[in-house]
Amino acid sequence: MSTSTPTTPSHSTDDSRRHLRIAAEEAYAPQAVIDEYRRLLDAQGGDAGFRSLWSYYLLNRTVHTELFRSRITDLEDRRLSDMADLGIDHQVLSLATPGVELFELPLARELAAMTNESIADACRRHPSRFSGLAAVALQDIDFSVKELRRAVRHLGLKGVIVNSHTRGEYLDAPKFEEFWATAAELDVPVYLHPNTPSDGLIGPLLDAGLDGAIYGFGVETGMHLIRIIFSGVFDRYPNLRLVVGHLGEALPFWAFRVDHFHRVQDGTGRYPWRPSLQQPPSHYLKTNIWLTTSGMAWEPAIMFARQVAGADRVLYAMDYPFQVAPSEVAVHENLPIEDHERRTLFETTACKVFGLAQPRLVEGAQVRGSGHVAGCGSPSAATGR
Ligand code: CA
């Protein structure tokens, strides 16, 4: 995790690139949410993972944490200036992990709605720079379904973020069926974002200092993703779109073994309560799931994920402001792929998945400033996919 102030990406073709850079997993939290996190920490509330993660960001006075706090709550000059310095044309904004699920009601509902208003306002002020995903409060499913409808239909948001478990519960539970049905009906993606592991999972990770982004996020969220796949939700809603960060939370690497033992176990009837899938588990990585490169600026892993899931299913994300490094933009620019594939990675896949209006590109001109992404708040943005 870089603590450096961003500088211009070192990649030499910045002035001649033919694609916009859309970053798809970029965090924001209203000051009111940060204040409530602080209150929860002071009261020793929330779960063990929350206390571990947010005590670092909110109780430390280091250059890194001070910079982080100035970035996470900002949707104006600080963020726009960082984006310009980093060469990021457009951010898809979403509420930072763990969202509002650990708050009691009605506070959680109020903060989710307020977050959505703030993000929508920023998108209206800067439609070429921002679009956003809705926050919900899944401990109240009825509210979440209504808020998702409002956020998409009235605020122009482009999908919904879920920060993995909801108080230890996972989205394969039958109680969340209406949530999936609503996302499918609205034709918007669900972004499955990491959270620190649930209290049932975190013990040995916390002991070793591995509960956060270093590894625990991936354990928690990769397991959540495979539970979602095994629930058969993509058979029930074939058009459902799910976006997941960190190149699929290691699941592409596991795909062969998962398929193998899924087939073997189905043959033996070992887990009779498990729904039958119409396809092998890895199939859904190629049909319903998109992978962002957030926090994974590493050529071998990106190329592998493209090979497993498909080059048109892997899209760029930075993970601002948790991971801010110009060198990581350069890694993506320097991947051994053709220019049209680079545009797929940085621009067109994001437009397709989130239903952003296709940006205009001016032949031969500097992209930044001439390109345009009509994000939320723009009546022309609803291109569908
Ligand atoms: Ca993130």
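The values are calculated or read from the model by the stated rules, or taken from the named source; none is laboratory data. It should be emphasised that the depicted structure is a prediction, and the values quoted were computed from it without experimental measurement. When we count neighbours, we look across all protein chains shown, and the Cβ atoms used for this are built from the backbone with ideal geometry, even at glycine. SASA here: full protein model, heavy atoms, side chains in, ligands and nucleic acids out. Shrake-Rupley method; radii C 1.70, N 1.55, O 1.52, S 1.80 Å.
Scanning the stretch 164-204 for residues that are over 20 Å from the mean Cα position of the chain (by Cα) and open to solvent by less than 20 Å² (accessible area, probe 1.4 Å) yields a total of 1.
Pairs are defined by a Cβ separation below 6 Å, a sequence spacing of at least 6 or placement on different chains, a first member in the stretch 270-291 that is modelled with pLDDT of 95 or more and of a type in the set (G, A, S), and a second member that is open to solvent by less than 70 Å² (accessible area, probe 1.4 Å) and not in a loop (DSSP other than H, G, I, E, B); the pairs so defined are S282/A255; S282/D259. For I302, state whether it is more than 16 Å from the ligand (Cβ to nearest atom), within 30 Å of G156 (Cα to Cα) and open to solvent by less than 20 Å² (accessible area, probe 1.4 Å). Answer is no for this residue.
Which pairs do you get when a residue that is among the small types (G, A, S), found in the stretch 63-77, comes within reach of a residue that is surrounded by 14 or more Cβ atoms within 10 Å (Cβ to Cβ) and assigned to a helix (DSSP H, G or I), reach meaning Cβ atoms under 8 angstrom, with the pair 6+ apart or on two chains? Sorted first by the residue in the stretch 63-77, then by its partner, the pairs are S70/R78. Taking the conditions (1) assigned to a helix (DSSP H, G or I); (2) more than 16 Å from the ligand (Cβ to nearest atom); (3) crowded, with 18+ Cβ neighbours inside 10 Å in turn, R17 satisfies each one other than (1).
Inspection of the stretch 142-158 identifies at least one residue that is part of a loop (DSSP other than H, G, I, E, B), out of contact with any Phe, Trp or Tyr (no Cβ under 8 Å at 6 or more places or on another chain) and buried (at least 23 other Cβ atoms within 10 Å of the Cβ). Name every residue in the stretch 110-137 that is of a type in the set (V, I, T), assigned to a loop (DSSP other than H, G, I, E, B) and within 15 Å of L80 (Cβ to Cβ), in order of residue number. Result: no residue meets the conditions.
The rows are residues; the columns are (1) within 16 Å of V258 (Cα to Cα); (2) part of a helix (DSSP H, G or I); (3) not β-branched (V, I, T).
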site: Q279; (1), (2), (3): yes, no, yes
site: L285; (1), (2), (3): yes, yes, yes
site: W290; (1), (2), (3): no, no, yes
site: Q307; (1), (2), (3): no, yes, yes
site: A317; (1), (2), (3): no, no, yes
site: V329; (1), (2), (3): no, yes, no
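Conditions (1) open to solvent by 40 Å² or more (accessible area, probe 1.4 Å); (2) under 26 Å from A297 (Cβ atoms), marked per residue:
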{"site": "D235", "(1), (2)": "no, no"}
{"site": "G245", "(1), (2)": "no, yes"}
{"site": "F253", "(1), (2)": "yes, yes"}
{"site": "D259", "(1), (2)": "no, no"}
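Applying a threshold of 7 Å to beta carbon distances and a minimum spacing of six or more residues, or different chains, the list of pairs starting in the stretch 25-36 at a residue that is open to solvent by 30 Å² or more (accessible area, probe 1.4 Å) and ending at one that is within 15 Å of the ligand (Cβ to nearest atom) is empty.
Residue by residue, here is whether (1) out of contact with any helix residue (DSSP H, G or I) (no Cβ under 9 Å at 6 or more places or on another chain); (2) within 24 Å of F253 (Cβ to Cβ) holds:
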| residue | (1), (2) |
| --- | --- |
| P275 | no, no |
| A305 | no, yes |
| P321 | no, no |
| E338 | yes, no |
| T349 | no, yes |
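Of all residues in the stretch 81-130, those satisfying the criterion of being within 16 Å of the ligand (Cβ to nearest atom) and of a type in the set (S, T, N, Q) are Q91, S94, T97, T115. No other residue among V329, V314, V367 is open to solvent by less than 20 Å² (accessible area, probe 1.4 Å), in contact with a Lys or Arg (Cβ under 6 Å, 6 or more places away or on another chain) and at pLDDT 95 or above apart from V314.
Among the residues of the stretch 308-329, are any over 26 Å from H64 (Cβ atoms), in contact with a strand residue (DSSP E or B) (Cβ under 6 Å, 6 or more places away or on another chain) and within 16 Å of the ligand (Cβ to nearest atom)? Yes, the conditions are met somewhere in the stretch 308-329. Scanning the stretch 72-107 for residues being open to solvent by less than 20 Å² (accessible area, probe 1.4 Å) and part of a loop (DSSP other than H, G, I, E, B) gives a total of 11. Scanning the stretch 37-71 for residues that are in contact with a Pro (Cβ under 9 Å, 6 or more places away or on another chain) and outside any helix (DSSP H, G or I) turns up G46, D47. Taking the criterion of being open to solvent by less than 40 Å² (accessible area, probe 1.4 Å) and either under 26 Å from G159 (Cβ atoms) or within 16 Å of the ligand (Cβ to nearest atom) (or both), the residues of the stretch 47-59 that qualify are D47, G49, F50, L53, W54, Y57.
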